[in-house]
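The values are calculated or read from the model by the stated rules, or taken from the named source; none is laboratory data. Not measured: the values here are computed from a predicted model. Ideal geometry is used to build each Cβ from the backbone, glycine not excepted, and the neighbour counts take in all protein chains shown. Heads up: the accessible areas ignore ligands, DNA and RNA and are worked out on the full protein's heavy atoms, side chains in. Shrake-Rupley method; radii C 1.70, N 1.55, O 1.52, S 1.80 Å.
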Amino acid sequence: MEEHLPVLVVLVPMLAAPLCLLLRHRTAVTGFAIAVAWLTFAISVLLLLRVLDQGVISYELGGWPPPWGIEYRIDLLNAFVLILVAGIGAIVATWSPASISVELPRYERHYLFYTAYLLCLTGLLGITATGDLFNVFVFLEISALSSYVLISMGQDRRALTSAYQYLIMGTLGATFILIGIGLLYIMTGTLNMADMAVQLEGVRDTRTVLVAFGFFVVGISVKMALFPLHLWLPNAYAYAPSVVTAFLAATATKVSVYILLRFFFTVFGHEFAFGSMRLWVFLMPLALIGIVTASLVAIFQNNIKRMLAYSSVAQIGYMVLGISFASVNGLTGGIVHLFNHGLMKCALFLAMGCIVMRCGSVHIDEMRGLGRRMPWTMAAFVAAGLSLIGVPLTVGFISKWYLVLAALEQGLWPVAALVLLSSLLAAVYVWRVVEVAYFHEPRAVDGEGAITDAPLSLLLPMWALVIAIFYFGISTEATAGIARMAAESLLGTSP
Amino acid sequence: MSPQTAIYVAVGLPLVGAALVVALRRWPNLREAASLATSGALLAVVLTLLPGVQAGGRPEARVVEVMAGLWMAFEVEPLGMLFALVAAGLWIVTTIYSIGYMRGHHEVDQTRFYACFAVAISAAIGVAFAGNLLTLFIFYEVLTLSTYPLVTHHRTEAAMRGGRLYLGILLSTSVVFLLFAVIWTWYLAGTLDFRPGGILAGTADKGTLAVLLALFAFGTGKAALMPFHRWLPAAMVAPTPVSALLHAVAVVKVGVFTVMKIIVYVFGLELLTGTGLSTWLMYVAAFTILASSLIALTKDNLKARLAYSTVSQLSYIVLGAALATSAGVLGGSMHIAMHAFGKITLFFCAGAIYVAAHKTEISDMDGIGRTMPITMTAFFIGSLSVIGLPPFGGAWSKWFLALGALEADKAIFVAVLMISSLLNVAYLMPIVARAFFVAPSETGPSDDDEGALQGTVLEANGGSSIKEAPTFCLVALCATAAGCLALFFFADELYQLLTPIVKP
Amino acid sequence: MADVLGLYNYWVVIVLMMTGFYIVVARDNLIKKIIGLSIFQTSVFLLFITVGKVEGGTAPILAEGFDVYSNPLPGVLILTAIVVGVATTAVALGLVVRINEEYGTIEEGEIHVQDVEA
């Protein structure tokens, strides 16, 4: 059983998804989905422990040896991302029942929701676990299709157009990636990532490979929502059901960042990608512009989910910035922020979900006085918001530290200053919400139901994330320590 | 208890106190007792560390490795010891004062007040005992955040705006300048530990170090160096006990303490005197001293005048640090204690006047010395200490600061100190003089203020009634006034405690 | 010249790819966008499949008397990709049906107007 863990982490949710279609009974399917999600998380934890113990794990699907067979290759980087995705999947699944009953218009079709949810989880885990390029494309499309479906389940009719817009842009991006894979296959004859890194040795400077490189950059940027290809994200996050936003915001773009890391460090090699191709000339400015403009736009949003969506675009900018440094500290910052942001944004969107459940709206005016009416929810929001700003003792501080350090190491003090200044922008948009919630009188309620705090089933998973935000902000051995080891192995500076 | 345990207890005890306060929120007397008990216990614990430090020991404790090579660690050295004693001692006094004030004024949300107070004190002790720049930065930010609910206590529009300015300036300076400087120091020196003689010697050229010093100085927004001083008057929107402890003692002292610690233990006195790196800082501090004293003269609101006075006094300490001579550093460090007692007395009196007579503007305070003699006498004592006249503590710190300026061959700053003392007289003495020697103006409290007047009403001979502040308030301000006097005589103990900083 | 003409499969791919991409971007009608997307994806399929053909190679089924076989792998990959493309088209069409129910139109311009007014 132990040696099948790499494929089990993908298979368990994959097989469970169609089973959800058969389980029509409400409680049964909910319980089943939650159990599957936690089982997947347990498998991912075991995988990480094994990788920490034994080093890179290589698994042959069906016993066919690579490079002809499909290989699942787990090293520290993917094990780390697997834990994030599976963990968020489990926590959001546990959080979901009460919220779905309020937000999904045809609530009796809950089993369809869980089917799509588990499929999306499968896709994301599959992208992360696999060591085969075409497999990445297939799972990318699986996760993308299920996320289009999930987003379209939102109550507002704009959820449909947002899902459609995401579909068009996302499919274009994924097809670009497919073109890139095809061109690389033409030049090397292999689809296995580790093998391709070897096979590319002689042909790196051919025009085909350079064109493939270009297609990858654009395709991944679309899926990752790097400025200016981020246009699908604000609408998709704002109008999707809260559960979906919380899940996707913490995982989908992060997995795309993982693809960036995998392709440009493992397959192409960082000397080629950041050395001769100077990818950082492209990535760094776009990341910086994304950070600043998205944060500025976020300040002026009145729909708080939309505000948090723009904040996500900015945070992706931080991750890409860290990667563009191509140094140990820079990569550590980028990778650890991948994890940290997942925690923060999920907590924030879960808080918004609680607010939607009680107030029915995410407009900032509806949040007046919520500090008094929904103390636990708002406290979670404030805590995660403080982490966005980068206050010490929270995870956000750790990411910012590494990013600034990496910038200073390369003498890029204006970049370092920008990273810190953008924290102030985050402070502005977080504090807007804090002031409205704590300093204004709550709206007069006409009798039938005063707003009370969210039910325990919503509060507990959210607070689990908040505690994680503080825990991993104080003791970072598990997150930054592993990120550093992953960074070193990506850069080839460690065995 | 072992010194290590004492450190942990000192930082953690106020947090326990905060939890107790919240738990006891339904029983106000028990809740206040919890605050008093915690503050008393804290002082006791901090005192157990004193003999060890006086003997030359430097107790330390390592808590957790936050990032690779960076620990949250504590180390008690004389400067931190002094600050911890000041903070812990004055917490007791302020708690007593707060009980009188908050109840006398029928304030709402008292539980949140006492709880946030305790958290803020915990952060202040954390800063005092910080063993490296990372730990100091962590608790510095915790202090900013935990004092925000205190500054915006009244939850009015004005409180919100004041809070915005407070948080805006403090967060901006700490994130953009101070954190930048901390990470840069880590990059240059490979360590963030506080070491006698500093850690930056030989790590970079003079230009880089000058920029670094500027980032540290302006990044420590709590030291209220101009132009980043505006948060201090803005924070006066808070209830007076908050202003008293936090902005006359804890928050601002954390600021100047940070500057002093960075000068002594990160840059090192030799590096600074050798290269003249900090000369510009002396001039900035001098400018702040004079400019804010002049602004104080124009303010009619008593708390605003005291706020600008604080800005000025804080720069005394920064000047002492920038002079980087042994007398300068010692004078500045002593001033941390002297000014704390002096200013807190003045703020206590301001609050007492507000609670008892409902007055905030100095022009309304004519003749108030007759109805509130104890308060105004304490005010007088506090003023003398701030001005720097014997037999009050402030005299000693000013003396050493002047000596420090001479040691650095910068006699101009002696002139600055003298002019500043004259300005202090100009903005403090008239208040006292008018309180005692001028007849009260006809504008008394209006009728609808009747209900708000609280206090001890005594019938004295001659028919004029004495409406003093609530008893608890009086006890507190008399205690701190007595402290100003006592510090004059105990200055030598302070000096002996602090000397190892400059002569390790 | 023979080289350029000999590479005709790539030319077809490029023409189809650009046509499809242009339709997606330039047309307002949601169904037309899906058609464009489909053409775009098909061009990529052609890219993969046509490079699988080895000169002088026969169909990749082991048989007596044949030494050179065309590459079967691209075909297999594209079977998967076609399925993905079909699923994408199906989801997209489903969304368009629902959008039509909600908005009464499938022209992007008109939908945008309705959203702005709302």
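Rounded to the nearest 100, the interface formed by chains A and B buries 2800 square angstrom of accessible surface, both chains summed, with a 1.4 Å probe. When a 1.4 Å probe is rolled over the protein heavy atoms, the share of accessible surface on segment B:379-438 that falls to carbon and sulfur comes to 82 percent. Note on chain A: Cα Rg divided by 2.2 N^0.38 Å, N the number of residues, gives 0.92. A Förster distance of 51 Å, applied to the separation of the beta-carbon atoms of C:Tyr69 and A:Gln54, puts the FRET efficiency at 0.80. The largest accessible area among C:Glu55, A:Glu435 belongs to the first residue in C:Glu55, A:Glu435, and the rest follow in falling order (1.4 Å probe, all chains). Once the convex hull of all Cα atoms in segment A:278-495 is built, its volume per residue stands at 106 Å³.
Model label points for B:Leu30 and A:Ile467, set 7 angstrom from Cα along the Cα-to-Cβ axis, are 2.7 nm apart.
Per residue of chain A, the DSSP helices (runs of n ≥ 4 H) give a summed -39500 (n - 2.57) that works out to -25500 deg cm²/dmol at 222 nm. When nucleic acids and ligands are ignored and a 1.4 Å probe is applied, B:Val211 ends up with an accessible area of around 70 Å².
Cross-link pairs exceeding 18 Å in C-alpha to C-alpha distance, out of B:Lys206/B:Lys503; B:Lys343/B:Lys503; B:Lys222/B:Lys299; B:Lys222/B:Lys261, comprise B:Lys206/B:Lys503; B:Lys343/B:Lys503; B:Lys222/B:Lys299.
Here segment B:1-271 exposes an accessible surface that is 65 percent carbon and sulfur, computed with a 1.4 Å probe and the other protein chains kept in place. In the distance distribution for the protein assembly as shown, Cα-Cα pairs more than 44 Å apart total 44 percent. Taking a point 7 Å from the Cα of C:Gln114 along the Cα-to-Cβ direction, the residues of segment A:151-180 with backbone N closer than 20 Å to it are A:151-168. Using C-alpha pairs under 8 Å with a sequence gap of at least 6, the mean separation divided by the residue count of segment A:278-495 gives a relative contact order of 28 percent.
Per the Kirkwood formula applied to alpha carbons, chain C shows a radius of gyration over Rh ratio, Rg over Rh, of 1.18. Applying the criteria of a DSSP loop state and at most 14 other Cβ atoms within 10 Å to the chymotrypsin sites (Phe, Trp or Tyr not before Pro) of segment C:58-118 yields C:Phe66. Each of the GluC sites (Glu not before Pro) that DSSP puts in a loop and that has at most 16 other Cβ atoms within 10 Å breaks chain B; the longest unbroken stretch is B:108-441. Annotation: per residue accessible area for segment A:278-495 equals 31 Å², rounded to a whole number [probe 1.4 Å, protein chains only].
Just to confirm a number: summing +1 for Lys and Arg and -1 for Asp and Glu over residues other than A:Ala437 whose beta-carbon lies under 10 angstrom from that of A:Ala437, what do you get? With Lys, Arg at +1 and Asp, Glu at -1, the net is +3. Compactness of segment A:147-238 is given as radius of gyration and Dmax, 16.6, 54 Å, from Cα positions. Here the calculated FRET efficiency for A:Val198 and A:Glu2, from their Cβ-Cβ distance with R0 = 30 Å, stands at 0.55, rounded to the nearest 0.05.
Amide H contacts of B:Val63: B:Met72, B:Ala73, B:Phe74, each under 5 Å away and 5 or more positions distant or on a separate chain (H built 1.01 Å from N in the peptide plane; Pro and chain starts excluded). In segment C:67-86, burial by the other protein chains removes 40 Å² or more of 1.4 Å probe accessible surface, compared with the chain on its own, from C:Leu77, C:Val84.
Structural descriptor for chain A: relative contact order 14 percent, calculated from alpha carbon pairs under 8 angstrom and at least 6 residues apart.
Peptides C:111-117, A:281-287, A:243-249 ranked from most to least packed, by the mean per-residue count of other Cβ atoms within 10 Å: A:243-249, A:281-287, C:111-117.
Both radii come from the Cα set of segment B:201-317: Rg as radius of gyration, Rh as Kirkwood radius; their ratio Rg/Rh reads 1.03.
Calculated mean residue ellipticity at 222 nm for chain B: -23000 deg cm²/dmol, from DSSP H runs with n ≥ 4 weighted as -39500 (n - 2.57), summed, divided by the residue count and rounded to 500. For chain C, the longest principal axis of the C-alpha atoms and the axis of helix C:108-117 are separated by about 30°. Using a 1.4 angstrom probe on protein heavy atoms only, the contact between A and C buries about 2800 square angstrom of accessible area, both sides summed. For segment B:259-380, dividing the convex hull volume of the Cα atoms by the residue count gives 91 Å³ per residue. Residues of segment B:123-160 that become at least 40 Å² less accessible with every protein chain present than in their own chain isolated, using 1.4 Å: which are they? Those are B:Ile138, B:Leu145, B:Tyr148, B:Arg155, B:Met160, which lose 40 Å² or more relative to the chain on its own. When you restrict to C-alpha pairs under 8 Å that are six or more residues apart and normalise by the size of chain B, the relative contact order lands at 15 percent. Comparing segment B:278-504 with the 2.2 N^0.38 Å rule of thumb, its C-alpha radius of gyration ratio is 1.09 (two decimals). Within a straight-line Cα-Cα reach of under 27 Å, C:Lys32 can be paired with the following lysines, leaving aside sequence neighbours fewer than 8 residues apart in one chain: A:Lys223. Across segment A:45-51, coupling constants 3J(HN,Hα) worked out from phi with the 6.51/-1.76/1.60 Karplus curve, θ = phi - 60°, read 5, 4, 4, 4, 4, 5, 5 Hz, and Gly and Pro carry x. At what distance in nm do the modelled label points of C:Thr19 and B:Arg103 sit from each other, each positioned 7 Å from its Cα along Cα→Cβ? Roughly 8.9 nm, to one decimal.
As a ratio to 2.2 N^0.38 Å, the alpha-carbon radius of gyration computed for segment A:375-495 takes the value 1.39.
Shape class of segment B:1-271 from the Cα gyration tensor (axes a ≥ b ≥ c, square roots of the eigenvalues): oblate, since a/c reaches 1.5 or more and a/b does not exceed b/c. Taking 45 Å as R0, compute the FRET efficiency from the Cβ-Cβ separation of B:Leu15 and B:Glu270 and round it to 0.05. The formula returns an efficiency of 0.70 here. With both labels modelled 7 Å from their Cα along Cα-to-Cβ, the B:Arg62 to A:Glu488 distance reads 1.8 nm.
Extension gain, B:Arg112 to B:Glu407: 0.36 nm times the residue separation minus the Cα-Cα distance gives 101.4 nm. Only DSSP H runs of four or more residues enter the estimate; each adds -39500 (n - 2.57), and after division by the residues of chain C the mean residue ellipticity at 222 nm equals -25000 deg cm²/dmol. On a per residue basis, segment C:1-96 carries 58 Å² of accessible surface, using protein heavy atoms and a 1.4 Å probe.
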